[in-house]
Amino acid sequence: MSIIKCIDRVLQEVQDASPGQDEFYQAVEEVLHSIIPLLEAEPKYNEFNIIERIIVPERSLVFRVVWMDDSGNYRTNIGYRTQFNSAIGPYKGGLRFHSSVNLSIIKFLGFEQTFKNSLTGLNIGGAKGGSNFDPKGKSEGEIIRFCQSFMNELYKYIGHTKDIPAGDIGVGGRELGYLFGHYKKLVGSFEGALTGKGINWGGSLGRKEATGFGLAYFAQEMLNKQDDSLKDKICTVSGSGNVAIYTVQKLYSMKALPVTCSDSRGMIYHKSGIDPDTLKLIKEVKRGDLSEYKLIHPDSKYIPKRHYKQGRNGVWSVPCDAAFPCATQNELNFADVQTLYENGCRLIVEGSNMSTTKRAADFIMAHRDILYGPAKAANAGGVATSQLEMSQNASMQNWSFGKVDTKLHAIMQSIFKNAYETSVEFGDEGNLMMGANIAGFRKVADAMIDQGPA
Ligand code: NDP
């Protein structure tokens, strides 16, 4: 059977076995289509049925999380942990708390995480988890009770050599603290079973900044290859959480000008430049609404979501040279990328996982004058620094911010080099989506072959 026919059959099987799991299907389709050149060149992956095996998680846990709200009512949410692949190391990947979380989203994130972690060059497997619980609008007590109830089930399946969760949307330092505190109590020992911990209790300097800083380092590598740089580039950024804030901050140190940010209710356009300190104040300290930004910077413009053009994300209508989606999956649709292109944007670097819809990704791939940094390469700085946190925990050391940041920079350079050189090896120079997918897949698949039918 030809490789294309084999992939079509496998995709049909994914659809039949996971009906309605659109995000998972989208992620699998993208990876399988982009690794066709490798599968054609190396028959061993077909011989060992790697494709059929690699798309199935090793384990998916779905569990009930019951907690008590401030009025004394029992509330129920669904918890998830998908341990996707442990061929190259213990499972590793974040936890997401957001009302949109379901098994499809957790499986797509775990699948992507497997190849991302492989690309870092570090020995970490792929996983993802979370809950449809939304911390927004909950009291401190409710968040504590939810985190403890969530951990009452999750602790059985994680551990510093088994599965090491971290943060993601809705899970920051506060939630990780409550999760870690309860984990420690349940297992009766202090071990690095979570990353993103507080600096005083086993966390790493630089972890908070890592995904955003890494994203900017990756963009810099992409432009360096073109004898260009971020200097004087007008940048649009979406989101206003962890990844967005530290992307904005790092863009300034590269002499670029980030002019937008957003949250789930609206966006800010600040022509003279988004102020990262204001974002930190609103989102990290006050946990407030982005509309507050305008109160501090009256020269900025706040546009509520209801005023966005139908079916568009408002951020991408702002003319720019470079776009950094940093909010959530599928936040860049076909109309958005078309608008970006018409407005002259020629660099798209993904901070959020699977930022683009399938049609938007097809548009980008058909316009090779757009430099495109896919998420699994460009946003890998967070998980790479989580692994640096694990190294520090294992050796009982605390590295300086500078040491961690230097290592992060080197890892991002190496991820870019690996993806770029792989694109050259397979005859499509600069196609980083293909390069990243093939390089990430190859290491995991080879380990699976070595380990037999595990
Ligand atoms: P945060 O929770 O810190 O921030 C998420 C931001 O995106 C918030 O501004 C949020 O708005 C906005 N957002 C979330 N969902 C939606 C939505 N459906 N529509 C519009 N806006 C939305 O998360 P992170 O910054 O950690 O994560 C952002 C992205 O980066 C995710 O895709 C995540 O998977 C990815 N990522 C994160 C890493 C990390 O280290 N944190 C590592 C690698 C990837 P609001 O405040 O209103 O909720």
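The values are calculated or read from the model by the stated rules, or taken from the named source; none is laboratory data. Treat the numbers as computed from the prediction; the structure is a model and nothing was measured. Note that each Cβ is placed from the backbone with ideal geometry, even for glycine, and that neighbours are counted across all protein chains shown.
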### Task
Please specify each residue of segment 6-52 satisfying the condition of being closer than 23 Å to residue 330 by Cβ and not in a helix (DSSP H, G or I).
18, 19, 20, 21, 35
### Query
Any idea which of 202, 196, 173 is crowded, with 19+ Cβ neighbours inside 10 Å and within 16 Å of the ligand (Cβ to nearest atom)?
196
### Among the candidates 419, 384, 447, 378, residue that is closer than 24 Å to residue 46 by Cβ and surrounded by 21 or more Cβ atoms within 10 Å (Cβ to Cβ)
419
### Task
Examine segment 390-400 for a residue that is within 19 Å of residue 113 (Cα to Cα) and part of a helix (DSSP H, G or I), and state whether such a residue exists.
yes
## Note on the structure
Over segment 198-227, the set of residues out of contact with any Phe, Trp or Tyr (no Cβ under 6 Å at 6 or more places or on another chain) and assigned to a loop (DSSP other than H, G, I, E, B) is 198, 202, 203, 204, 225, 226, 227
### Query
residue 186 versus (1) closer than 26 Å to residue 286 by Cβ; (2) in contact (Cβ under 8 Å) with a residue 12 or more places away in the chain; (3) in the same structural domain as residue 105 (by TED's automatic domain parsing): which is the lone unmet condition?
(1)
### Message
Please go through segment 97-118 and give me each residue that is of a type in the set (Val, Ile, Thr) and either within 13 Å of the ligand (Cβ to nearest atom) or surrounded by fewer than 24 Cβ atoms within 10 Å (Cβ to Cβ) (or both), ordered by number.
### Response
101, 105, 106
### Summary
Restricting segment 216-243 to residues that are within 22 Å of residue 433 (Cβ to Cβ) and within 9 Å of the ligand (Cβ to nearest atom), the one nearest to the chain's Cα centre (by Cα) turns out to be 243
### Query
Does segment 119-134 include one or more residues that are near the ligand (Cβ under 10 Å from one of its atoms) and over 18 Å from residue 24 (Cβ atoms)?
yes
### Test set (1) among the hydrophobic types (A, V, I, L, M, F, W, C); (2) free of Cβ contacts under 8 Å to residues at least 40 places away in the same chain; (3) on the phi > 0 side of the Ramachandran plot - residue 354 fails condition number
(2)
### Query
Do any residues in segment 150-170 that are within 14 Å of residue 65 (Cα to Cα) have Cβ atoms under 8 Å from those of residues that are among the polar types (S, T, N, Q) and buried (at least 24 other Cβ atoms within 10 Å of the Cβ), where the two are at least six apart or on different chains, and which pairs are they?
150/131
### Message
Residues to consider are 370, 348; find the one that is over 24 Å from residue 101 (Cα atoms), without any contact (Cβ under 8 Å) to a residue 60 or more places away in the chain and within 16 Å of the ligand (Cβ to nearest atom).
### Response
348
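Based on this model, can you work out whether residue 364 counts as buried (at least 19 other Cβ atoms within 10 Å of the Cβ) and either in contact (Cβ under 8 Å) with a residue 24 or more places away in the chain or in the same structural domain as residue 249 (by TED's automatic domain parsing) (or both)?
Yes; evaluated as a whole, the condition is true for this residue.
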